[in-house]
Amino acid sequence: MAFRCVVADDHPAIVQAVCSFLEGAGGVEVAGRAADGAEAFRLISELRPDVAVLDIRMPVLDGIDVARRVSAAGLPTAVILFTGHPDRPLVLDGLDAGARGFVAKDSPLDELVRAIGVVAGGGTFVDPKLGGILAGPQAERRLGVLSKRELEILRLLADGMRNDDVAAHLAISPSTVRTHVKHAMEKLEADTRTQAVARALRDSLIS
């Protein structure tokens, strides 16, 4: 079954290239295309795709604004921000807005296909090219607070595993996984496990 996707960018050539690649790669159905953030949010609200690939810099609403609205509306769509201008403040704003993935435009489009699979499966994906800009002073402090097992579990959750999958992979019980996740959330001051994973990625605790 193919993941349904909306693609939004204010450059028509980029939209065409991305959509053609995704449809040719298999496993992804492009359900809608948009040239600005307002149109992207309308399509996401109407079509409720699995994933939305959004340029950060767009007219009317930028990609981060759309991610924030998708999260506030409780829509099931996982947002991937597709950016040609990656910098730390933008990536942090995107994570805080609820984006589940970041892909640099100068990365191979295979990375975008990989990101779609990860976020559609419940994980969080950050392009390896962007890992360096996420490192910050909080990382060293939090690395000493989170246990080795908590970091291991957050890393597996970031790869798209569910609690039961993590339990089977580590040969521990699902309740033990939930306990570790709860403790990690408390230490990272996160309200949800997705937010905990995002903050761990943001602070380069996991990759």
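What nm distance separates the two modelled labels at E189 and A73, each placed 7 Å from Cα along Cα→Cβ?
3.0 nm
Can you tell me, using C-alpha contacts under 8 Å and at least 6 residues apart, the relative contact order of the range 3-133 as a whole percent?
22 percent
How would you rank 156-162, 181-187, 21-27, highest first, on the average number of other Cβ atoms within 10 Å across their residues?
Working: 156-162: 19.7, 181-187: 17.4, 21-27: 13.7.
Taking the mean over residues of other Cβ atoms within 10 Å, the ranking is 156-162, 181-187, 21-27.
What does the charge count near R57 come to, summing +1 for each Lys or Arg and -1 for each Asp or Glu among other residues with Cβ under 10 Å from its Cβ?
Neighbourhood net charge equals -4.
Any chance you could run the full-extension gain for R88 through D106? It's 0.36 nm times the residue separation minus the Cα-Cα distance, nm to one decimal.
Working it through step by step, the gained length comes to 4.8 nm.
For the range 67-97, list residues with backbone N below 17 Å from a point placed 7 Å from the Cα of H11 toward its Cβ?
What the label zone holds, given the 17 Å backbone N cut-off, is 81-87.
Straight-line reach from K187: which lysines have Cα under 19 Å away, leaving out those fewer than 8 places along the same chain?
Within reach: K148.
Please give, to one decimal in nm, the separation of the simple spin-label points placed at L47 and E23, each 7 Å out from Cα toward the Cβ.
Once both label points are built, they end up 1.1 nm from each other.
Check the straight Cα-Cα distances from K105 and name the lysines below 17 Å, setting aside those fewer than 8 residues away within the same chain.
List returned: K129.
Every number in this text was worked out from the coordinates using simple rules, so none of it is lab data. Here the structure is a predicted model, which is why all the values come from computation and not from measurement. Using ideal geometry, Cβ is built from the backbone for each residue, glycine included, and neighbour counts are taken over all protein chains shown.
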